[in-house]
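Read through the structure below, which is laid out as structure tokens, and then see the notes.
The values are calculated or read from the model by the stated rules, or taken from the named source; none is laboratory data. Quantities reported herein were computed from a predicted structural model and do not represent experimental measurements. In this analysis, Cβ positions are derived from the backbone assuming ideal geometry, glycine residues included, and neighbour counts consider all displayed protein chains. When the accessible area is computed, the model is the full protein with side chains, heavy atoms only, and any ligands, DNA or RNA have been set aside. Shrake-Rupley method; radii C 1.70, N 1.55, O 1.52, S 1.80 Å.
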Amino acid sequence: MRTAYNVETVRAAERELMARLPEGTLMQRAAAGLAAACADLLGRVYGRRVVLLVGSGDNGGDALYAGARLARRGAGVAAVLLAPERAHSAGLAALRRAGGRAVGVDGAERLIEQADLLLDGIVGIGGKGGLRPDAARLAEAAERSRAAVVAVDLPSGVDADTGEVRGAAVRADLTVTFGTHKPGLLIDPAREYAGSVRLVDIGLALPAQAELEALQHVDVRRLLPVPSGESDKYRRGVVGIAAGSARYPGAAVLAVYGALRGGAGAVRYVGPAADAVIARFPETLVSDRGPKQAGRVQAWVVGPGAGDDASAVGEVLASDVPVLVDADGLRLADRDAVRARTAPTLMTPHAGEAAALLGVPREEVEGARLASARELAGRYEATVLLKGSTTLVADAGGGAVRVNPTGTAWLATAGSGDVLSGLAGSLLASGLSALDAGSVGAYLHGLAGRFAADGAPVGAHDVAEAVPAAWRDVTDA
């Protein structure tokens, strides 16, 4: 599992380690890893032009020491010092001894235009808000240049803890981060600025409880339900789908499709789209008597395409089994009814739906995804899966927020969320917790989206069709 820790935790671990090491050792470890990553990116170091963008903090020192290593291998290295009087003195001396040079901000843009590689060491993990004017101009010049841009620890101008970008920031092709991932490297909008991320181990001892965690294949494989020789459809779980309307029958079909691919033993459908569901999936158990009278289920999915049918949402929320609430169900669900539930609840809004529930503009949710997911989980005392460019799963009880590492922009298509709802609901019915069902569902859904799209437009039904291939990819890894 990939983990990320906040700035305070990282700083504490660095202080503890530095107290046991000779002075400067930690920075030298970071610089060695940084220089190696830059060399790999350049391919050939000798004769290449490298420009360091150097601020006053330790990130500037890392950049200077890495620049010295590249200069010793034959690169032409120039350091642009934004605050010459506060530049890391030992790092600057090392650069000069290796044949590098230091310049001020004036004339830096020409150096940037001619560079093969730019090393962003302007601001460290403690930076807040956008870049100051001189640094912002360098960031803009870097974006215009043809050079590869490498960020030291994280791109300057992004918030390490939240992933927020509140002004000008450096856009990197590669971020070399030290000790552990920082939340901002995994969460949009900051993630878009980080490019590829390379982790350099510098020996930090970190606590078990992380700020963020991202499942990998091995974690998902461990959580996936696997039937045994004694399994029957009820032991595997039955998921109920209360979805669809006369206007949106396709939402019911897609939710059922996702559920059939999610590992439960049976899917029971309740709603006005029964004919459409049965025509497409004759294995579905259909009822026209409402959720209360539908028969045995181990979990419910309610809301996709439901229109204004508040009665079905209320009946499902009154049940004593896990419930996933999506789409129209989010608008129709009474918050007090959700908070009063004793069984797990998983809510799956996109940014617009989350914004409506929180009473804030959509842009606020998109700009502060981590805080928004946590706040919504707290308000409703439910697990929240916030869909989007970065899908987050925040548990009702707090703890590490899960960030989904799979997916493709092609998943931004009508009905994709309905497939995810059915898939995650099926995993709930098979016995996974709300946190695990949401996380595993998002992982498989994102992987299926990649397989289905393969670089081209994709429909929601294609995503559902590709879920078995994603499942096999995880279990065969």
Would you tally the residues in region 50-90 being open to solvent by 30 Å² or more (accessible area, probe 1.4 Å) and more than 19 Å from residue 145 (Cβ to Cβ)?
13
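Go through region 268-321 and give me each residue that's assigned to a loop (DSSP other than H, G, I, E, B) and open to solvent by 60 Å² or more (accessible area, probe 1.4 Å). If you could, list the steps in order and put the result at the bottom.
In the first step, residues of region 268-321 are kept if they are assigned to a loop (DSSP other than H, G, I, E, B); the result is 271-273, 281-284, 288-290, 294-298, 303-309, 318-321.
Residues satisfying the conditions are 272, 282, 283, 288, 289, 296, 308, 309, 318, 320.
Being at pLDDT 95 or above and at negative phi narrows it down to one of 327, 310, 294, 355, so name that one. Can you show your working first?
On the way: 327 fails: at negative phi; 310 fails: at pLDDT 95 or above; 294 fails: at pLDDT 95 or above.
Criteria check complete, one pass: 355.
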Evaluate the following for residue 166: is it within 23 Å of residue 10 (Cβ to Cβ) and either open to solvent by 40 Å² or more (accessible area, probe 1.4 Å) or without any contact (Cβ under 8 Å) to a residue 24 or more places away in the chain (or both)?
yes
Report every pair of residues separated by at least 6 positions or lying on different chains whose Cβ atoms are under 6 Å apart, first residue within region 237-255 and free of Cβ contacts under 8 Å to residues at least 40 places away in the same chain, second β-branched (Val, Ile, Thr) and part of a helix (DSSP H, G or I).
253/277
Which of the residues belonging to region 12-49 are surrounded by 14 or more Cβ atoms within 10 Å (Cβ to Cβ) and among the basic types (Lys, Arg)?
29, 48, 49
Take region 223-235 and flag every residue that is within 30 Å of the chain's Cα centre (by Cα) and touching a residue at least 40 places away in the same chain (Cβ under 8 Å).
223, 224, 225
Selection count, region 425-447, where residues are buried (at least 24 other Cβ atoms within 10 Å of the Cβ), of a type in the set (A, V, I, L, M) and within 20 Å of the chain's Cα centre (by Cα):
6
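So which strands (runs of 3 or more DSSP E) stay within region 345-449 end to end and still have 1 or more residues that are over 27 Å from residue 296 (Cα atoms)?
Numbers: elements: 345-347, 383-386, 392-394, 401-403.
Hits in region 345-449: 383-386, 392-394, 401-403.
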Please work out if residue 190 is within 30 Å of residue 307 (Cβ to Cβ), open to solvent by less than 10 Å² (accessible area, probe 1.4 Å) and touching a Gly at 6+ places or on another chain (Cβ under 7 Å).
no
Within the group 239, 218, 197, which residue is of a type in the set (A, V, I, L, M, F, W, C), outside any loop (DSSP other than H, G, I, E, B) and surrounded by 21 or more Cβ atoms within 10 Å (Cβ to Cβ)?
239
